[in-house]
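Right, one structure below, let's go through it.
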Amino acid sequence: MSRNSTDTVDEIDEIRSMMSALSARESEVIRLVATGMTNYSIGMELGISERTAREHIARIMLKLRVGSRVEIAVIATKWELFTGLPPAWLRSRIVQE
């Protein structure tokens with residue numbers, strides 16, 4: 001079954017709604033999850049404990065209605081593509097080079 005433009009607009013609207021429910025800190029965390037960082041690495045990057053990073057991720061999963069980090073990364077990447085930003089994993093590689 002092919003997707004039409006209405007399906008795409010509905011998906012964009014749904015992702016926009018979910019992303020707007022995130023706090024500023026959760027938005028930072030979701031960006032780092034999308035790059036594949038561990039809870040420990042996220043904690044180090046943001047100056048928070050590994051446990052706090054894990055708690056942020058749990059809240060993100062609830063708000064986005066997903067059950068895994070992979071699903072978080074998929075939504076984050078789609079959001080970045082919809083908003084015209086390069087995906088977080090690509091931005092991190094550009095900065096390293």
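Throughout, read-outs are computed from the coordinates displayed, never taken from laboratory work. All values reported here derive from a predicted model rather than from experimental measurement. Cβ placement follows ideal geometry from the backbone for every residue including glycine, while neighbour counts extend to all protein chains displayed.
Other residues within the sphere of radius under 12 Å centred on the Cβ of GLU55, judged by their own Cβ, net out at +2 (K and R +1, D and E -1).
For SER41, what is the net charge nearby, where nearby means another residue's Cβ is under 15 Å from its Cβ and Lys, Arg count +1, Asp, Glu -1? Around SER41, the charge tally is +1.
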